[in-house]
1. For an R0 of 35 angstrom, estimate the FRET efficiency from the Cβ-Cβ distance between Glu7 and Trp56 and round to the nearest 0.05.
2. Report the FRET efficiency, 1/(1 + (r/R0)^6), for Ala16 and Ala69, where r is their Cβ-Cβ distance and R0 is 35 Å, rounded to 0.05.
3. Translational D (Stokes-Einstein, µm²/s) of the range 15-79 at 37 °C and 0.692 mPa s when Rh comes from the Kirkwood sum over C-alpha pairs?
4. How would you rank 45-52, 7-14, highest first, on the average number of other Cβ atoms within 10 Å across their residues?
Amino acid sequence: MAIGWPELSFLVAGFALFASVINLTGNICLSRAYQTADASWLTPMDFSYLIFAVLWSRVIFDQWPSTAAIIGMSLSGTAGIITVWREHTMMFLFGGDAEDNAIGFLNRNISIMRLTAVE
């Protein structure tokens, strides 16, 4: 036994096993979600763990994140929101799969620019 560590009881071992099963189930569901849905919609939901990390840090450890951590979490969340907005806008403008249509749109414009440059 390590010095200063409490003895591992059945309650703690059971809680660790329960938390592991819940974590495994959540990761399997998230993996399946990324296989079936558009990643631009899932990523912001995936980043929601940052909110829970702050809450659990406060509840369990009585500690708030540093200013740098808050800035980093804000940047990550903002990037997710911008990605969703961009994908939604592209889908609205071009319909269907936004990535394929946006690339097609850019290729058509490049071709038009080449044609006008030749004339």
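1. Working: r = 25 Å, r/R0 = 0.71.
Given R0 = 35 Å and the Cβ-Cβ separation, E is 0.90.
2. Values: r = 26 Å, r/R0 = 0.75.
Calculated value: 0.85.
3. Numbers: Rh = 13.6 Å.
Diffusion coefficient, whole number: 241 µm²/s.
4. Details: 45-52: 12.6, 7-14: 8.9.
For the peptides 45-52, 7-14, the packing ranking is 45-52, 7-14.
Values quoted throughout were computed directly from the atomic coordinates according to the rules given, and no laboratory measurement underlies them. No experiment lies behind these values; they were computed from the predicted model shown. Here Cβ is always computed from backbone atoms with ideal geometry, including for glycine, and neighbour counts include all displayed protein chains.
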